[in-house]
1. For the range 188-230, name all the residues that are closer than 19 Å to L278 by Cα and among the acidic types (D, E).
2. For residues that are hydrophobic (A, V, I, L, M, F, W, C) and out of contact with any Lys or Arg (no Cβ under 9 Å at 6 or more places or on another chain), scanning just the range 217-230, find the one that is most open to solvent (accessible area, probe 1.4 Å).
3. Of the residues that make up the range 259-278, is at least one farther than 26 Å from P132 by Cβ and either among the aliphatic types (A, V, I, L, M) or touching a helix residue (DSSP H, G or I) at 6+ places or on another chain (Cβ under 8 Å) (or both)?
4. Any idea which residue in the range 245-284 is surrounded by the most Cβ atoms within 10 Å (Cβ to Cβ), counting only those that are out of contact with any Cys (no Cβ under 8 Å at 6 or more places or on another chain) and on the phi > 0 side of the Ramachandran plot?
5. Kindly indicate the residue of the range 124-164 that is of a type in the set (D, E, K, R), outside any strand (DSSP E or B) and more than 15 Å from S100 (Cα to Cα) and also least open to solvent (accessible area, probe 1.4 Å) among those meeting that condition.
6. Is there any pair with a first residue in the range 173-192 that is of a type in the set (A, V, I, L, M) and a second that is surrounded by fewer than 12 Cβ atoms within 10 Å (Cβ to Cβ) whose Cβ atoms are under 6 Å apart and which are 6 or more apart or on different chains, and what are they?
7. Filter the range 45-102 down to the residues that are aromatic (F, W, Y), open to solvent by less than 10 Å² (accessible area, probe 1.4 Å) and either farther than 26 Å from S133 by Cβ or modelled with pLDDT under 90 (or both) and list them by number.
8. Just to be sure before I move on: is P41 of a type outside the set (S, T, Y), open to solvent by less than 40 Å² (accessible area, probe 1.4 Å) and modelled with pLDDT under 90 in the structure I sent?
Amino acid sequence: MKPMQFTVNAHIAFDGDGTVNGMIASARVVAGSLLLTLTLPAGVAHEPLAGRYFLARCVEPTEWARSHDWTLSLRRPLFVAGWRPATVAAGAERWLLTSSQLEDAGVNWLAAQPADMPINLVGPLGNGFVLPSHTRQLAVVSEPARVATLLPLIHAMLDRGGRVVILLQAHNSIEPLLRDLLPLATEIHQEAPGADWRTRLQDVLAWADVVATALPAGEMAGLLGAVRTARLRVERGLVHCLADARLVCGYGACLACLTPLANGRWTRACVHGPVFDLADLAVG
């Protein structure tokens with residue numbers, strides 16, 4: 001039996017191969033990250049959103065390009081930054097997806113596409129951040145280019161009446177467009193790498209019930225040291241990290257996203273992550 005397709009219009013639909021076809025509403029670069037607004041068919045899984053990702057096909061939506069253009073053959077990961085029902089078409093939803101990999105050719109291709117360009121996606125994939133029921137104070141530790149990946153978690157915490165502190169590692173002042181993206185109800189701090197950053201990080205770690213991080217791999221050792229200083233030990237359930245892994249296939253087949261664990265084993269971030277408890281990770 002041929003799989004059924006749900007169609008909003010010619011381009012916004014669930015495809016018969018398990019992928020979903022959306023349409024670009026807008027693409028912009030904010031604080032070193034791509035923010036791609038897409039219209040997708042209703043029915044895509046919503047919860048949890050923070051830390052989950054789609055894999056986007058980076059090729060012109062023509063039969064010839066799909067058959068002959070292999071210059072950008074690999075799909076590129078786009079993390080969920082937001083979702084809301086759309087009013088542009090019945091049965092459609094508006095999604096905000098993000099990537100901090102602006103130097104990547106595929107992400108650059110996506111950023112250059114005009115509105116109404118169809119994009120084929122797989123997802124959402126992976127395991128995202130989950131807020132424990134007891135959480136009242138959430139700390140978000142990131143950098144300007146990656147913090148949009150944590151926006152759904154920030155909004156979820158505020159919706160339950162909790163407090164959110166955002167700590168960003170940045171040399172320069174935060175762009176106004178990024179400040180507009182972050183909810184007014186949050187408390188935002190910024191520090192350049194160095195002694196002041198370590199001190200502020202330790203203060204935030206001591207204050208929070210739960211910490212969510214989206215940091216480059218090179219910052220993880222410093223994070224681990226700060227947790228041990230602020231909390232004396234790495235408590236399970238305290239710090240959850242969005243792994244800085246290469247997400248390629250989304251199904252654990254290519255092994256490009258192998259991530260070392262504290263028990264000496266390895267795991268595939270695309271299916272068992274990309275969000276991990278810091279206590280489970282091997283941090284050098």
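1. D203, D209, E219 - these are the residues of the range 188-230 that are closer than 19 Å to L278 by Cα and among the acidic types (D, E).
2. Per the stated criteria, the residue is A217.
3. No, the range 259-278 contains no residue that is farther than 26 Å from P132 by Cβ and either among the aliphatic types (A, V, I, L, M) or touching a helix residue (DSSP H, G or I) at 6+ places or on another chain (Cβ under 8 Å) (or both).
4. That would be L255.
5. R160
6. Sorted first by the residue in the range 173-192, then by its partner, the pairs are A192/H171.
7. Of everything in the range 45-102, those that are aromatic (F, W, Y), open to solvent by less than 10 Å² (accessible area, probe 1.4 Å) and either farther than 26 Å from S133 by Cβ or modelled with pLDDT under 90 (or both) turn out to be F54, W95.
8. yes
The values are calculated or read from the model by the stated rules, or taken from the named source; none is laboratory data. Note that the coordinates shown come from a computational prediction; the quantities given were computed from them, not determined experimentally. All Cβ positions, glycine included, derive from the backbone under ideal geometry; neighbour counts span all protein chains shown. Heavy atoms of the whole protein, side chains included, go into the accessibility calculation; ligands, DNA and RNA do not. Shrake-Rupley method; radii C 1.70, N 1.55, O 1.52, S 1.80 Å.
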